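These notes are about the structure you will find just below.
The values are calculated or read from the model by the stated rules, or taken from the named source; none is laboratory data. Just so you know, these numbers come straight off a predicted model, no measurement behind them. Don't worry about glycine lacking a Cβ; one is built from the backbone with ideal geometry, like all the others, and counts go over all protein chains shown. Heavy atoms of the whole protein, side chains included, go into the accessibility calculation; ligands, DNA and RNA do not. Shrake-Rupley method; radii C 1.70, N 1.55, O 1.52, S 1.80 Å.
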Amino acid sequence: MLKDFIHLFTLSCKQATYLIEKRIHVPLSITEKTRLAIHLSLCKLCRSYNIKAVFLERLMKKRTTEEACNCRFEKEEVEQFKVDAKEKLNER
């Protein structure tokens with residue numbers, strides 16, 4: 001009954017979860033923010049989903065920044081690569 005009442009005046013849970021995911025990637029409009037805030041204030045399941053989505057996003061963002069490759073090649077390695085590449089091109 002409460003679920004039907006919530007959806008009569010605000011977003012459905014499906015629309016709310018879409019906005020939660022969308023918010024991670026792009027900013028929401030004022031209307032979307034307001035409707036999502038109202039829905040989250042009324043729906044404990046979507047509040048729980050929101051907490052989990054934010055947690056996962058932060059975890060993924062942290063992991064990708066930690067795994068960023070800071071590969072550095074020594075000057076000798078670069079020169080050897082150039083020599084090897086030239087030799088292979090000349091063989092053709």
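How do 14, 22 rank by accessible surface area computed with a 1.4 Å probe, from largest to smallest?
Numbers: 14 170, 22 55 Å².
The ordering from most to least exposed comes out as 14, 22.
According to a simple spin-label model (label point 7 Å from Cα along Cα-to-Cβ), what is the distance in nm between residue 74 and residue 57?
4.4 nm
Working with all protein chains in place, sort 49, 18 by solvent-accessible area computed with a 1.4 Å probe, largest first.
So, going from the largest accessible area down, we get 18, 49.
Run the quick spin-label model on residue 90 and residue 47: label points 7 Å from Cα toward the beta carbon, then report their separation in nm to one decimal.
If labels sit at residue 90 and residue 47, their model points lie 7.3 nm apart.
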